[in-house]
Amino acid sequence: MKILNFGSLNIDYTYSVGHIVQPGETITSGSLEVFPGGKGLNQSIALARAGADVYHAGLIGKDGIFLRELCRNSGVNTDYIRVVETRTGNAIIQVSEKGENCIILYPGANREQTEEYIDEVMKGFGEGDVLLLQNEINLLDHLISEGAKKGMKIVLNPSPFDEKITACDLTKVSLFMINEVEGEQITGAKDPEQILEKMGTMYPGAETVLTLGDKGSVYANRTERIRQQPVKVKTVDTTAAGDTFTGYYLAAVMEGKDKPQAMKEAAYAAALAVSGKGASSSIPMKKDVDAFMRKAVS
């Protein structure tokens with residue numbers, strides 16, 4: 001069983017600021033750092049570092065070839081990453097002194113995919129494989145449709161949420177990985193319990209993992225709830241926390257671990273991620289997550 005992550009590859013420009021800039025306000029940043037990023041790349045690296053067999057598909061410009069090398073060096077299969085003429089997607093990220101962040105995305109090459117390219121990649125995957133998707137690429141509807149035809153398990157992180165998400169047939173999704181904001185955008189509910197109830201009603205055949213920041217996370221299907229308490233650490237940068245959680249959760253499930261253990265490993269991995277700077281650079285190795293968990297119970 002393989003994981004195909006059809007996702008974004010970005011170059012992140014991260015500005016350290018006292019607070020997130022307000023409308024009409026001009027502020028000076030304390031520093032600028034450049035990191036590899038993109039939800040797709042982050043999740044592939046998290047999967048690989050967690051020990052999963054992951055293939056990444058996506059597009060980069062010539063300025064982003066180092067992203068392909070990073071993926072390869074991290075254990076991600078990069079045979080399906082293509083180089084195009086359009087500039088690599090990038091993100092402008094503000095990180096406040098409190099560790100909060102806000103992000104502006106330029107899609108670039110991530111939105112240059114064609115149905116022909118997607119169909120060619122998908123030939124290498126079939127029933128029982130996992131198709132992991134986010135919304136930083138184009139033709140998401142085609143990907144979901146083709147993945148379902150092949151009998152793949154479709155995992156969707158609907159971020160950033162926009163009209164492209166609502167245009168997709170989300171009843172074909174097997175697992176939603178969402179936070180509170182995305183949960184409200186999909187269901188119209190703000191309370192976590194109401195979000196999960198509505199997800200179960202709207203998509204009865206799917207599982208949902210709802211991350212709640214410093215309030216932990218919850219796994220839900222139509223009959224079950226599994227709650228994971230937050231792991232307390234000093235927050236430095238939350239940029240890749242959700243992507244780390246997604247990668248480690250999926251890797252644990254595919255390894256055959258039960259849902260409570262998968263939620264626990266994902267929570268500890270995400271906690272380590274927020275303790276460091278950057279996106280992909282903050283994603284921990286499995287041995288470090290294991291050591292962190294052992295230390296927590298000693």
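Under 5 Å between amide hydrogens, built in the peptide plane, is the criterion, and for N179 it picks out T211 among residues at least 5 positions away or on other chains. Taking the charge dipole of the chain about its Cα centre, with +1 at Lys and Arg Cβ atoms and -1 at Asp and Glu Cβ atoms, the residue from V95, Y117, G24 reaching farthest to the positive side is V95. Classification of segment 75-224 by its C-alpha gyration tensor yields an oblate form. The axis ratio a/c (a ≥ b ≥ c) is 1.5 or more, and b/c is at least a/b. Close amide H partners of I154, meaning residues 5 or more places away or on another chain with modelled amide H under 5 Å apart, are L131, S174, L175.
Each part reduced to its alpha carbon centroid, segment 256-274 and segment 123-166 end up 23 Å apart. Which far-off residues, 5 or more places away or on another chain, put their amide H under 5 Å from the one on A57, with H placed in the peptide plane? Placed amide hydrogens put N5, F6, G7 under 5 Å from A57.
Round to a whole number: what % of the accessible area of the chain belongs to carbon and sulfur, probe 1.4 Å? Taking all protein chains in place, the chain shows 50 percent carbon and sulfur surface.
Over 28 Å between Cα atoms: which of K2/K234; K123/K264; K232/K287; K164/K198 fall into that group? From K2/K234; K123/K264; K232/K287; K164/K198, over 28 Å: K2/K234; K123/K264.
The GluC sites (Glu not before Pro) found in segment 70-129 that occupy coil by DSSP, while having at most 12 further C-beta atoms within 10 Å, are E85, E97, E127. Ordering C71, G126, A57 by the projection of their Cα atoms onto the charge dipole of segment 51-154, which places +1 on the Cβ of Lys and Arg and -1 on the Cβ of Asp and Glu, puts C71 at the extreme positive end. Computed from phi, the 3J(HN,Hα) profile of segment 58-63 under the Karplus parametrisation 6.51, -1.76, 1.60 (θ = phi - 60°) reads x, 10, 10, x, 5, 6 Hz, with x in place of Gly and Pro. By the equivalent-ellipsoid construction on the alpha carbon gyration tensor, segment 16-62 comes out with semi-axes of 33, 13, 10 Å, ordered largest to smallest.
A quarter of the convex hull surface defined by the alpha-carbon atoms of segment 191-249 gives 4.5 nm² as the mean projection.
Per residue, the accessible area of the chain comes to 44 Å² when a 1.4 Å probe rolls over the protein heavy atoms. Surface calculation, 1.4 Å probe, protein heavy atoms: S217 sits at approximately 10 Å² accessible.
The values are calculated or read from the model by the stated rules, or taken from the named source; none is laboratory data. Worth saying up front: this structure is predicted, and the values here are computed from it rather than measured. No Cβ is skipped: glycine too gets one built from the backbone with ideal geometry, and neighbour counts run over all protein chains shown. Ligands, DNA and RNA are stripped out before the accessible areas are found, and what is left, the full protein with its side chains, is counted by its heavy atoms. Shrake-Rupley method; radii C 1.70, N 1.55, O 1.52, S 1.80 Å.
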